[in-house]
Amino acid sequence: MKVLVVEDNPADYELIREVLLEGPGSSFETANGSDLASALTHLDAEECSVLLLDLGLPDSQGIETVRTVRARFPGVPIVVLTGLDDEEIGVRALQEGAQDYLVKGEIAGPSLARSIRYAVERSRIDQELIRKNAELEAAYEGLAAHEEELRQNLDELSRAERELRMSTHLLTKAQEIAHLGSWEYTPATNRVVWSDEVYRILGLPLHESPATFAEFLESVHPDDREAMNAAYRDSVERGEDRYEIEYRVVRASTGAIRHVHEKCEHFRAAAGPVVRSVGMIHDVTERKQDEADLRAYAERLKGSNDDLQRFAYVCSHDLQEPLRSIISFSQLLERRYRTQLDGEAGEYIGFIVEGGQRMQALIRDLLQFSRVTAHGSTIRPTDSAAVLTEVLGDMRLAIGETGASVEYGPLPMVMADPTQLGQVFSNLIANAIKYCAPETTPMVRIAAVEDGPSWSFAVEDNGIGIAPEYFDRIFVIFQRLHTKDEYEGTGIGLAIVRKIVEQHGGRCWVESTPGVGSAFRFTLKPA
Ligand code: ADP
């Protein structure tokens, strides 16, 4: 064990050295530092087991010497050497970190060796303690970090729990509003779970009745029970992934019959058996009732429409005959008794004939309108260009009289009744020529472009145009924007166009700028 004796008095050093070495089998080895600086140099150069430190050195005095050494070599044990009457400084040295102190002059062999061993051992324990303390501190810090992490996890967990509670609440509310309940069945455990809405739909007290398949089946209308049971069983046996079925349930609370729509999905293990079935039942009673009401309403509407159609047809057909008589006899009267009648009477007869002829035109158009029926048409692949050419041929005279120019581009094959399509073209072209500003030559252009899944036709003119507020009104029967003195007409032409186009599953509308012209558009399905 290497002992560095820091002692400026050579005699004292010699004494100590002898005392240390004299014991039998002494394990001590000594070295001397005569001042603090040489001692520190020594400690720098080689390791020492213990330092015997005199506190009265030439370059350092008193307790400061201990501090200096401790600061530089905190791991080297120190035994302080004090004077006879200076035990107090020994105690202070202990407080500063020295392991022991010895009074010079009282140094005896065994006590010196013991003190040195004790100092070394104490220092070792101190070092161990420091190390353990550091370990403990590190462990504590780790623990604190862990605790913080734990706290964060807990916070996250409680936030997730809050969110879960909120979304469960929202889901329950949504199911309640939509009258849509959900269930889950695990065949392995025979466990069934129902959402609150299932209890409500079945009219069972919430969570009081057991959620079992048998209980559910009990709520199904006896006439539908087998079908409902078979829907589940068969889909499982056939290896299907899902099924849908509608059936009735009888509410346990009121006995009311409710219609439900059930959808179920099976989740299977790789080998095939169903491990879980998840389903939803939707109370569609109101929807079914609405559908039935709507069907009955449509039925009634169709009936009265048919009646109206028949009535319009019969009326217009039967009115023609007496009207023809009125006109013919008025004309006969005027011709035969012209000489006996005064001028006013002749004028009145003229009014009768004119009114009668107008009524004839109205009846003719009305008859045409009432003849446009779905079952009266044969919709088939039709060359719209050929139909248009024929229409223009029929209108040749009228077109020629006005000097109108009519142009058209390539036109497609469409699904249409050729006669009715001809009627559409003819009504629109007649209007395009008729509603022309004075002193203007009518110019009509017919074209078709692809519009999604349909063909969109356009009949464009350079006529008087239509104000936007009338865009819808003009398609209503008998709706005209002009008097018969301004422009001849009955107000039925566009109503016929719309009726035909809609019966073909298309749409028709107008785009127009007053004073510039109009474009009447309609769509038809491609052939
Ligand atoms: P009618 O031509 O016998 O009056 P329609 O049903 O064919 O009946 O037309 C309804 C109204 O729409 C017409 O009175 C006219 O005011 C307006 N209209 C129709 N086509 C055109 C057009 N090409 N340009 C301007 N106005 C039009």
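The values are calculated or read from the model by the stated rules, or taken from the named source; none is laboratory data. Just so you know, these numbers come straight off a predicted model, no measurement behind them. As a convention, Cβ positions derive from the backbone with ideal geometry for all residues, glycine included, and neighbour counts pool all protein chains shown. The accessibility values were calculated without ligands, DNA or RNA, using every heavy atom of the protein model including side chains. Shrake-Rupley method; radii C 1.70, N 1.55, O 1.52, S 1.80 Å.
Among S235, S277, which is the only one that is within 21 Å of E197 (Cβ to Cβ) and not basic (K, R)?
Just one listed residue meets the conditions, S277.
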Mind checking which pairs have a first residue in the range 450-475 that is assigned to a helix (DSSP H, G or I) and a second that is more than 10 Å from the ligand (Cβ to nearest atom) and open to solvent by less than 20 Å² (accessible area, probe 1.4 Å), Cβ under 7 Å, 6 or more apart or different chains? none
What pairs come up if the first residue lies in the range 425-443 and is over 15 Å from F475 (Cα atoms), the second is near the ligand (Cβ under 7 Å from one of its atoms) and aliphatic (A, V, I, L, M), and their beta carbons are under 8 Å apart, counting only those six or more places apart or on different chains? Y435/I464; C436/I464; A437/I464; P442/A432
Which ones in the range 72-104 are aliphatic (A, V, I, L, M) and in a strand (DSSP E or B)? I78, V79, V80, L81, L102, V103
So, V501, is that one hydrophobic (A, V, I, L, M, F, W, C), closer than 21 Å to L421 by Cβ and more than 8 Å from the ligand (Cβ to nearest atom) or not? yes
Quick one: in the range 513-527, which of the residues that are within 12 Å of the ligand (Cβ to nearest atom) and not in a strand (DSSP E or B) is surrounded by the most Cβ atoms within 10 Å (Cβ to Cβ)? P514
Just to be sure, is I281 closer than 30 Å to T419 by Cβ, at pLDDT 85 or above and either assigned to a helix (DSSP H, G or I) or not acidic (D, E) (or both)? no
Within the range 413-433, does at least one residue satisfy the condition of being more than 16 Å from the ligand (Cβ to nearest atom), within 45 Å of the chain's Cα centre (by Cα), under 15 Å from T523 (Cβ atoms) and open to solvent by 40 Å² or more (accessible area, probe 1.4 Å)? yes
Selection count, the range 284-327, where residues are open to solvent by less than 60 Å² (accessible area, probe 1.4 Å) and of a type outside the set (S, T, N, Q): 10
Quick one: in the range 333-381, of everything that is under 23 Å from T490 (Cβ atoms) and of a type in the set (D, E, K, R), which residue is surrounded by the most Cβ atoms within 10 Å (Cβ to Cβ)? D365
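Go through the range 476-493 and give me each residue that's within 7 Å of the ligand (Cβ to nearest atom) and either open to solvent by 70 Å² or more (accessible area, probe 1.4 Å) or under 50 Å from the mean Cα position of the chain (by Cα) (or both).
Narrowing the range 476-493 to residues within 7 Å of the ligand (Cβ to nearest atom): 479-482, 487, 489-493.
Of everything in the range 476-493, those that are within 7 Å of the ligand (Cβ to nearest atom) and either open to solvent by 70 Å² or more (accessible area, probe 1.4 Å) or under 50 Å from the mean Cα position of the chain (by Cα) (or both) turn out to be Q479, R480, L481, G491, I492, G493.
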Looking at (1) modelled with pLDDT under 90; (2) over 22 Å from G109 (Cα atoms); (3) open to solvent by 70 Å² or more (accessible area, probe 1.4 Å), find the lone condition where R72 falls short. (1)
Please give the helices (runs of 4 or more DSSP H) falling wholly within the range 169-268 in which 3 or more residues are open to solvent by 80 Å² or more (accessible area, probe 1.4 Å) and of a type in the set (D, E, K, R). 222-237
When residues of the range 1-25 are limited to those that are in contact (Cβ under 8 Å) with a residue 60 or more places away in the chain and in contact with a helix residue (DSSP H, G or I) (Cβ under 8 Å, 6 or more places away or on another chain), the one nearest to V80 (Cα to Cα): E7
Go through the range 88-145 and give me each residue that's open to solvent by less than 90 Å² (accessible area, probe 1.4 Å), of a type in the set (S, T, N, Q) and closer than 19 Å to T68 by Cβ. Q99, S123
Could you please find all residues in the range 14-62 being aliphatic (A, V, I, L, M), surrounded by fewer than 15 Cβ atoms within 10 Å (Cβ to Cβ) and over 20 Å from A108 (Cβ atoms)? A37, A45
Number of the exception - T402 against (1) within 16 Å of the ligand (Cβ to nearest atom); (2) of a type in the set (S, T, N, Q); (3) open to solvent by less than 60 Å² (accessible area, probe 1.4 Å): (3)
Complete set of residues in the range 434-475 that are surrounded by fewer than 16 Cβ atoms within 10 Å (Cβ to Cβ), within 12 Å of the ligand (Cβ to nearest atom) and charged (D, E, K, R): D472, R473
Which of the residues spanning the range 476-512 are in contact with a helix residue (DSSP H, G or I) (Cβ under 9 Å, 6 or more places away or on another chain) and assigned to a strand (DSSP E or B)? C508, W509, V510, S512
Just wondering, is there one or more residues in the range 209-216 that are in contact with an Asp or Glu (Cβ under 8 Å, 6 or more places away or on another chain) and at pLDDT below 90? yes
